[in-house]
Amino acid sequence: MRITFLGTGTSVGVPSIGCGCATCTSNDPRDNRLRTSVLVTEDGRNILIDASTDFRQQALRTGITKLDAILFTHAHADHCFGLDDVRPIMMRTGPLACYATETTWEGLRRVYEYAFVPGGYSAKPRIEPHTISGAFNVSGIDIEPIEVIHGELPVTAFRIGEFAYVTDCNHISDEACERLSGLDLLVIDALRIKAHPTHLTLAGALAYIERLAPRRALLTHISHDINHSEHESRLPARVNIAYDGLVVEAAR
Ligand SMILES: [Zn+2]
Ligand SMILES: [Zn+2]
Ligand SMILES: [Zn+2]
C-alpha cells in the first residue's frame with residue numbers, strides 16, 4: 001500500500017498570504033504546504049482521503065486520473081472545498097463513492113447543496129453518498145473508521161491495515177487509542193508549537209505517538225510555526241515531518 005502526501009499544510013496553507021516569517025519565506029520546498037490530504041494506492045486502486053481546497057493542483061501534479069472513492073474526515077473547508085474540482089474524474093467514470101459520517105454529510109450537504117438538488121446547474125459533482133456506520137470496504141480494501149475529537153467536533157480517522165490517518169484532532173479517547181495500536185505507520189495532526197483549542201501541538205502529537213507506539217510516525221496539517229529542517233532535527237527516532245509529494249509504503 002502506497003501513501004502519497006498531496007498536502008500537509010494547515011487550513012490557510014504555507015506560505016500564509018502576506019506573512020514574512022522564516023518558514024513562509026523559506027527556500028526549502030518542504031516548507032511549501034498545500035492543504036492536507038493523502039492518496040492511498042494499492043494495485044491500481046486509488047482512495048483519496050479528503051478533497052482539499054488544493055485538490056485540482058494536487059491531482060495535476062501527482063497525475064491522478066482515476067479515483068475509487070473519497071473518504072471524508074470532516075466537512076471543514078480545507079478538507080472538502082476541492083470536491084467540485086473532482087468533476088473531470090466523475091465525468092469520465094460516473095458517480096464517485098464518497099464516505100462520511102452523518103455529521104460530516106450534514107456539513108457536506110450544506111456546502112454542496114447544488115450537487116444534491118435535482119435539476120438545475122448541470123456541471124455538478126456526481127456523488128454516490130455512503131454514510132459510515134462501522135467498518136466498510138472499498139474495492140476490496142477494508143477500512144476502519146475511528147472517531148477522534150477536534151475541539152467539539154467528531155472527526156473520522158481511518159485505519160487501513162497497519163496504516164492510520166489521524167488529522168484534525170486535539171483528543172483521542174482511550175477506546176480510539178486501543179484501535180490505533182499495532183500500527184506500522186501513523187500519520188497524525190501536529191499543527192504548531194503553541195497550544196490550540198482544536199488541534200494537537202507538536203508536543204501533543206509526540207505524546208500520542210509515544211502512547212500508540214507505531215513503528216513509524218509522520219506529522220501533518222502543519223502551520224508556519226514549524227520549520228521543516230529546524231524542527232525535524234529535534235524529533236525522536238522514527239518520527240518525521242511529512243511534506244507535499246512524499247510517498248511512503250505502509251504494511252497491510
Ligand atoms: Zn484542517
Ligand atoms: Zn509565516
Ligand atoms: Zn478541521
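Things worth noting here:
- Region 66-205 shape via C-alpha gyration tensor axes, a/c threshold 1.5: prolate
- Taking Lys and Arg as +1 and Asp and Glu as -1, the other residues whose beta-carbon sits under 14 Å from that of Asp54 total -1.
- The distance between label points at Arg2 and Thr93 comes to 1.5 nm (points 7 Å beyond Cα on the Cα→Cβ vector).
- Exposure proxy ranking, count of Cβ atoms within 10 Å, fewest first, for Thr4, Thr103: Thr103, Thr4
- Take 147-160, 65-78 and order them by the average number of nearby Cβ atoms within 10 Å per residue, most first; the result is 65-78, 147-160.
- Our estimate of slack between Asp43 and Arg234, defined as 0.36 nm per intervening residue step minus the Cα-Cα distance, is 65.2 nm.
- Ranking of Tyr165, Tyr121, Tyr112, Tyr99 by neighbouring Cβ atoms within 10 Å, starting from the fewest: Tyr121, Tyr112, Tyr99, Tyr165.
- Under the convention that each Lys and Arg Cβ holds +1 and each Asp and Glu Cβ holds -1, the size of the dipole of region 2-249 around its Cα centre is about 600 debye.
- The chain: equivalent-ellipsoid semi-axes (sqrt of 5 x gyration tensor eigenvalues, Cα, Å): 27, 21, 17
- Using a Förster distance of 30 Å, the FRET efficiency for Glu210-Val12 (Cβ separation, nearest 0.05): 0.55
- Separation of alpha-carbon centers, region 207-252 and region 68-132, rounded to whole Å: 30
- Relative contact order of the chain, taken over Cα pairs closer than 8 Å and 6 or more residues apart, is 21 percent.
- For the pair Asp174 and Glu152, label points projected 7 Å from Cα toward Cβ lie 2.6 nm apart.
- When shorter helices are ignored and each DSSP H run of at least 4 residues is given -39500 (n - 2.57), the per-residue value for the chain at 222 nm works out to -5500 deg cm²/dmol.
- Taking a point 7 Å from the Cα of Tyr121 along the Cα-to-Cβ direction, none of the residues of region 48-73 has its backbone N closer than 13 Å to it.
Read-outs: derived from the displayed coordinates by stated rules, not from any lab. These figures come from a predicted structure and were not determined experimentally. Neighbour counts run over all protein chains shown; Cβ positions are idealised from the backbone, glycine included.
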